Amino acid sequence: MGKRRRVAERRSNRPAVLGAMTAVVAVGAGLGAYLLYDGGAAADARTATTAGHRAVKTGPLTAAEVRTASTRFLTAWQQGKVADAAAATDDTAAAQALLTGYTKDAHIKDVTLTAKPATGAEVPFAVKATVSYQGHSKPLAYGSSLTVVRRASDGRPLVDWHASVVHPELKDGDTLVTGESGTPPVKALDRHGGELTAAKYPSLGPVLDGLREKYGKKAGGRAGVELRVVRGKASKAAKLSDKTLAELSKGTPGTVKTTLSPVYQAAAEQQVAKQDRSSVVVVRPSTGEILAVANHGHGFNVGFQGSLAPGSTMKIVTSTMLFEKGLVTPEAEHPCPKTYKLAGWTFHNDADSEIKHGSFKLSFGASCNNAFIDFAPKLSNSDLTKEAQQVYGLGMNNWSIGVPSFDGSVPVQSGAQMGASLIGQGGVRMNPLNMASVSATVASGVFHQPYLVSPDVDHRTLAKAARTMSAKTQGQLKEVMRYTAAYGTAVKPMAGLGPDSGAKTGSAEVDGQKKPNGWFTAYRGDLAAAGVVQAGGHGGDTAGPMVAALLKMGG
């Protein structure tokens with residue numbers, strides 16, 4: 001009798017579930033039929049009750065738990081039960097705010113969600129809905145996904161909440177809004193007057209968004225009605241622009257002319273299509289005009305906004321400093337030891353190579369690290385920072401190119417980190433735009449701030465460098481970069497480009513990454529370019545051919 005009573009007590013604590021454990025439930029036209037497996041009942045079946053407290057479920061999620069948690073969330077969202085949907089996530093407040101705005105601010109209705117087969121804890125799903133605003137209506141269809149996680153406090157499976165669950169273009173803190181756009185659309189033109197579109201040049205999506213944000217109100221257009229992503233604080237700090245997802249009624253676009261070359265832009269798009277995670281930028285040294293920018297991944301403009309260690313391409317800036325200080329000349333004998341110890345760190349060259357009796361030019365051309373780190377004891381902590389700022393205009397956060405950009409960073413550092421900065425590691429961060437500008441400055445002898453839209457359009461002031469390198473220093477830099485292109489690590493991609501060219505390769509190590517980021521920057525006549533292939537390996541083999549192909553097109 002006692003045993004039967006205990007069994008009855010345990011059963012009475014369970015939620016009422018049809019068929020003792022499971023029930024087939026239709027969860028809406030889009031979701032189809034799922035086997036509803038209640039998390040609480042399942043937990044009872046697999047965990048013990050001790051002293052009146054249920055043990056916390058741990059371990060990997062089961063397929064049934066993933067189905068149940070995702071179905072609970074998607075069903076509630078589809079039915080407009082925002083509070084229930086939010087309660088099925090691990091951040092109820094953030095989920096409720098965004099899902100409420102989905103209806104009230106974005107004016108999205110008639111939502112149908114169709115779940116697809118899960119991959120582990122990730123559940124992709126399709127969204128079909130209608131956007132309606134003041135007599136304007138448009139169908140909306142897109143794909144998204146969610147991930148189910150186990151809450152640590154009680155082991156309950158919940159949807160891991162991020163704004164991207166609602167729409168993949170959303171970052172946390174962003175919102176969706178439908179209405180008259182605050183910014184009229186723009187028609188962007190290349191330097192010859194041809195229209196620039198993301199359909200023709202896929203890499204230009206973020207650029208076109210940035211142009212609209214900056215020039216929409218100035219270019220004479222009229223706003224339309226649209227569904228758009230409005231960026232939050234974090235996205236704005238990352239310099240992401242608002243993004244249009246659907247136009248309910250077209251506005252009248254204004255016109256903005258850019259410096260982009262249709263020939264170079266098309267060629268740059270072709271180059272980055274060949275390699276994953278590749279980016280390239282082409283500029284004109286005599287003016288600073290940006291002729292092309294292209295990225296293999298089109299969602300984020302690494303070319304303008306990336307923040308990556310530039311590796312040995314930074315040795316151009318370091319060499320400028322060493323030449324100006326009179327610490328070395330290209331022909332001076334300067335060894336490059338296999339290892340070098342600085343402030344407790346031991347620095348190595350690639351493949352533990354060494355140069356015992358070579359010139360500095362040879363070390364530059366071979367990209368021998370310790371030939372540069374060897375100068376660290378003779379430098380102050382701020383020398384490289386000042387050189388980058390004063391001669392190359394880097395790290396001042398004052399470039400105004402016409403769209404959002406990152407202007408590079410060369411922080412003041414000490415000890416081993418300062419030594420690492422000399423070879424483009426440590427805290428140094430750049431992108432292809434920055435490094436193309438470095439080569440352009442060497443080519444012309446003067447820093448011209450890169451720009452995508454002429455300052456004549458809006459009378460903005462371009463950044464200027466505090467001083468110009470001497471003709472002697474420029475000559476020395478051209479000598480070592482020309483040597484690198486003719487005999488050093490850049491010889492293969494630069495073959496046939498002639499004497500009026502120079503280059504520098506780079507490989508930047510990244511923690512947890514098997515291969516380094518491959519960098520390459522070069523100039524030829526009145527063209528300069530730089531590229532990076534993330535996790536691609538040595539720059540001469542990856543980014544080099546991409547950059548050289550663009551330079552070979554001529555002026």
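The values are calculated or read from the model by the stated rules, or taken from the named source; none is laboratory data. Given the structure is predicted, the values throughout are model-derived calculations rather than measurements. As a convention, Cβ positions derive from the backbone with ideal geometry for all residues, glycine included, and neighbour counts pool all protein chains shown.
Output the residue which, of all residues in segment 245-276 that are of a type in the set (Val, Ile, Thr) and crowded, with 17+ Cβ neighbours inside 10 Å, is nearest to the chain's Cα centre (by Cα).
Of everything passing the filter in segment 245-276, Val272 is nearest to the chain's Cα centre (by Cα).
Can you tell me which residue is surrounded by the fewest Cβ atoms within 10 Å (Cβ to Cβ) among those in segment 83-101 that are under 20 Å from Ala126 (Cβ atoms) and over 27 Å from the mean Cα position of the chain (by Cα)?
Ranking the qualifying residues of segment 83-101, first place goes to Ala85.
Kindly provide the set of residues from segment 216-234 that are outside any strand (DSSP E or B) and either without any contact (Cβ under 8 Å) to a residue 60 or more places away in the chain or touching a Ser or Thr at 6+ places or on another chain (Cβ under 9 Å) (or both), ordered by number.
Gly216, Lys217, Ala219, Gly220, Gly221, Ala223, Gly224, Arg231, Gly232
Name the residue that is farthest from Asp352 (Cα to Cα), counting only residues in segment 326-341 that are in a strand (DSSP E or B) and among the charged types (D, E, K, R).
Selected residue: Glu333.
Name the residue that is surrounded by the most Cβ atoms within 10 Å (Cβ to Cβ), counting only residues in segment 165-203 that are outside any loop (DSSP other than H, G, I, E, B) and touching a Lys or Arg at 6+ places or on another chain (Cβ under 7 Å).
Filtering segment 165-203 for residues that are outside any loop (DSSP other than H, G, I, E, B) and touching a Lys or Arg at 6+ places or on another chain (Cβ under 7 Å), the one surrounded by the most Cβ atoms within 10 Å (Cβ to Cβ) comes out as Val186.
List every residue pair whose Cβ atoms lie under 6 Å apart, where the two residues are 6 or more positions apart in sequence or sit on different chains, the first residue falls within segment 74-90 and is of a type in the set (S, T, N, Q), and the second residue, located anywhere, is not in a loop (DSSP other than H, G, I, E, B).
Gln78/Val111; Gln78/Leu113; Thr89/Ala95; Thr89/Leu158; Thr89/Val159
Of the residues Ala106, Ala95, Ala126, only one is in a helix (DSSP H, G or I), in contact with a strand residue (DSSP E or B) (Cβ under 7 Å, 6 or more places away or on another chain) and among the hydrophobic types (A, V, I, L, M, F, W, C); which?
Ala95 is the lone residue from the list that is in a helix (DSSP H, G or I), in contact with a strand residue (DSSP E or B) (Cβ under 7 Å, 6 or more places away or on another chain) and among the hydrophobic types (A, V, I, L, M, F, W, C).
Applying the selection to segment 430-473, what residues are hydroxyl-bearing (Ser, Thr, Tyr), farther than 18 Å from Phe304 by Cβ and assigned to a loop (DSSP other than H, G, I, E, B)?
Selection gives Thr461, Thr468, Ser470.
Given the options Ser353, Ser421, Ser359, Ser380, name the one that is of a type outside the set (A, V, I, L, M) and in contact (Cβ under 8 Å) with a residue 60 or more places away in the chain.
Ser421
For the list (1) touching a strand residue (DSSP E or B) at 6+ places or on another chain (Cβ under 8 Å); (2) more than 30 Å from Ala267 (Cα to Cα); (3) of a type outside the set (A, V, I, L, M); (4) outside any loop (DSSP other than H, G, I, E, B), I need the number of the one condition that Thr244 fails.
Failing condition for Thr244: (2).
Hey, does segment 315-329 have a residue that's at positive phi and touching a Phe, Trp or Tyr at 6+ places or on another chain (Cβ under 7 Å)?
no
Of these, Ala292, Ala351, Ala371, which one is over 20 Å from Tyr487 (Cα atoms) and outside any loop (DSSP other than H, G, I, E, B)?
Answer to the selection: Ala292.
Quickly run through segment 93-128 and pick out the residues that are closer than 22 Å to Gly173 by Cα, touching a residue at least 60 places away in the same chain (Cβ under 8 Å) and in contact with a helix residue (DSSP H, G or I) (Cβ under 9 Å, 6 or more places away or on another chain).
The answer is Ala94, Ala95, Leu98, Leu99, Tyr102, Ile108.
Being of a type outside the set (S, T, N, Q) and part of a helix (DSSP H, G or I) is the filter here, so list the residues in segment 374-389 that pass it.
Ala376, Pro377, Lys378, Asp383, Leu384, Lys386, Glu387, Ala388, listed by residue number.
If only one of Ala466, Ala440, Ala490, Ala471 is under 27 Å from His348 (Cα atoms) and in the same structural domain as Asp407 (by TED's automatic domain parsing), which one is it?
Testing whether each residue is under 27 Å from His348 (Cα atoms) and in the same structural domain as Asp407 (by TED's automatic domain parsing) leaves just Ala490.
Pick from segment 515-539 the residues that are over 19 Å from Ala440 (Cα atoms) and among the small types (Gly, Ala, Ser): which of them is surrounded by the most Cβ atoms within 10 Å (Cβ to Cβ)?
Only one residue fits best here, namely Gly518.
Out of segment 341-384, which residues are surrounded by fewer than 21 Cβ atoms within 10 Å (Cβ to Cβ) and of a type in the set (S, T, N, Q)?
The answer is Thr346, Ser353, Ser359, Ser380, Asn381, Ser382.
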